[in-house]
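Taken together, the values in this text are just the output of simple stated rules run on the coordinates, not laboratory data. Everything numeric in this text was worked out from a predicted model, so none of it was measured. When we count neighbours, we look across all protein chains shown, and the Cβ atoms used for this are built from the backbone with ideal geometry, even at glycine.
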Amino acid sequence: MSTPRSAWPLYEVFVRGKRGLNHVHVGSLHAPDDEMALRNARDLYTRRNEGVSIWVVPASAITASSPDEKDPFFAPAGDKVYRHPTFYEIPEDVPHL
Amino acid sequence: MSFDNAYDAITDGAGDDQHWAFGTGFDDPLAGVDRAVPADTSAVDLSTYCLMLADDALILSQRLTEWCSRAPELEEDVALANIALDLLGQARLLLTRAGEVEGAGRDEDTLAYLRDEHEFRNVRLVELDCGPGPGGDFATTIARLLVFSTWRLAVFTQLAHSADPVLAAIAAKGVKELAYHRDHAAQWTLRLAGGTDHSRTRMIAALDQIWPLVDELFTPHPVEQSLPAIAVDPATARPEFDDVLDTVLTAATLPRPTVPPMSPVAGRTGRDGAHTEALGYLLAEMQHLARSLPGATW
């Protein structure tokens, strides 16, 4: 069971929904090359009208944070309440804020 | 909002699907289309023509479905099943139209499940076992899909301007699906041809295997000729087919097959209900449940 089922490289898939502004990570897949990865993503992740744009990225191209570094990376932000913009009075007549 | 049916629950939404980020905006391809038989048109011929186009899609859909859980990769398994479902969707609309125009009370299920082999009007290309059965392999399936989708796309592009508004709407919907099927087959043709010596050898053999059934696709049938403004004369699709195949085969540096065409049987081909022995086995599997348990729903 230690050998990978597929000899194809792994790709990560990002889909932009009709009303979403950003591409969102939706999953991963195997494909022989970039072009087929895009097509496989279309077949696997947009079958139910979920998207209007797809990005695929070789998983090997992604640098990820490590769970071991969780505390030094993320814990320090946990108590910095002053970093949230909640200390301003917002005037009534300012739109889109 | 009803929760009996997941799709109803999604699409009903009091006409407002703004709150759904994904999976909304489903369209009915035949909404608002006039379903009357066009004036001065033979209902028998129009019904038969719809059956021809329906059976091509239905039988190939059944063949592609055989790959479910057996494709070389999980991703390809889903891709082939998607294509099969697209074709099944086309078949359902066309069978419904055939039954409605015929006016004998036969619906899509009756036409799909309760006709015998000689009543099927599909071209023989779609009934061949091109794998995963013993008759072929993945390359044969791709070769057949390339030929079929290139041909059908060329026909449907013209059919989208048919004088029958229902056929025109079905074709307009199908064109987008078939363009993807053709692209998928072409992508795989390039990769199998350019992969290893082994994959290239099998791709060449695959094209040789299905090539005898290509000419039949472009032979006009009397029913097609009797519906000049409604049906597409398949012979007119040949230049586009040759162009596309030449482009793909050139890019893949594959030789164009030179195998002679398969002969008609006593002058009759698939369009006339004369089939290869493969179709009987296919229908036995496709129809046995509906025939064993008449009226069953599942």
ask   = If each residue's Cβ is checked for other Cβ atoms within 10 Å, how do B:ASP137, B:ASP197, B:ASP272 rank with the fewest at the top?
value = B:ASP197, B:ASP272, B:ASP137
task = Report the calculated FRET efficiency for B:THR297 and A:ASN22 (r = Cβ-Cβ distance, R0 = 35 Å), to the nearest 0.05.
result = 0.20
message = Could you tell me the extents of region B:40-292's C-alpha atoms along the three principal axes, largest first, rounded to whole Å?
response = 55, 43, 36
task = Please arrange B:MET286, B:MET52 by counting, for each residue, the other beta carbons lying within 10 Å of its beta carbon, fewest first.
result = B:MET286, B:MET52
request  = State the extension gain, in nm to one decimal, for the chain segment bounded by A:TYR82 and A:VAL94, taking 0.36 nm per residue of separation less the distance between their alpha-carbons.
outcome  = 2.1 nm
task = Compute the long axis of helix A:34-45 from its Cα atoms, compare it with the longest principal axis of the Cα atoms of chain A, and write down the angle in degrees, 0 to 90, nearest 10.
result = 70 degrees
request  = Name the longest site-free stretch of chain A, where the excluded sites are GluC sites (Glu not before Pro) in a DSSP loop with no more than 15 other beta-carbon atoms within 10 Å.
outcome  = A:1-88
Average silhouette area of region A:5-87, convex hull of alpha-carbon atoms, in square nanometres = 8.4 nm²
query = Kyte-Doolittle mean at least 0.5 and Cα extent at least 24 Å along the axis: which DSSP H helices of chain B qualify?
reply = B:43-65, B:138-159
key: Where Rh is the Kirkwood radius over Cα pairs, Rg/Rh for the protein assembly as shown   = 1.05
ask   = Mind checking which of A:ARG48, A:ARG83, A:ARG16 has the largest fluctuation in a GNM of chain A, springs on alpha carbons under 10 Å?
value = A:ARG83
task = Towards the positive end of the charge dipole of the protein assembly as shown, with charges on Cβ (+1 Lys, Arg; -1 Asp, Glu), say which of B:LEU167, B:MET203, A:PRO9 has the farthest Cα.
result = B:MET203
query = What dipole magnitude, in Debye to the nearest 20, does region B:40-292 give about its Cα centre under +1 on Lys/Arg Cβ and -1 on Asp/Glu Cβ?
reply = 280 debye
note = Residue by residue through region B:215-229, the couplings from Karplus 6.51 cos²θ - 1.76 cosθ + 1.60 with θ = phi - 60°, in Hz, x for Gly and Pro, are 4, 4, 4, 10, 8, x, 9, x, 5, 5, 6, 7, 10, x, 8
note = Low-density loop trypsin sites (Lys or Arg not before Pro), region B:37-101, at most 13 other Cβ within 10 Å, DSSP non-H/G/I/E/B, are B:ARG70
query = When chain B is modelled as a GNM with alpha-carbon springs shorter than 10 Å, which of B:HIS118, B:HIS198, B:HIS221 fluctuates the most?
reply = B:HIS198
query = Put a dot 7 Å past each Cα toward the Cβ at B:THR196 and B:ARG70; how far apart are the dots in nm?
reply = 2.2 nm
ask   = Roughly what would the spin-label model give for A:ALA61 and B:ALA179, points 7 Å off Cα along C-beta, in nm?
value = 2.6 nm
request  = Would you look at the GNM of chain A, springs on alpha carbons closer than 10 Å, and say which of A:GLY78, A:GLY27, A:GLY51 moves the most?
outcome  = A:GLY78
key: Exposure proxy order (Cβ contacts within 10 Å, fewest to most) of B:SER162, B:SER199, B:SER263   = B:SER263, B:SER199, B:SER162
message = Test of understanding: what is the full-extension gain from B:ALA163 to B:SER263, defined as 0.36 nm times their sequence separation minus their Cα-Cα distance?
response = 32.7 nm
ask   = Under a point spin-label approximation (7 Å from Cα along Cα-to-Cβ), what is the B:THR247-B:ASP77 distance to one decimal in nm?
value = 3.3 nm
key: Ellipticity estimate at 222 nm from DSSP helix runs (n ≥ 4, -39,500 (n - 2.57)) divided over chain B, nearest 500   = -18000 deg cm²/dmol
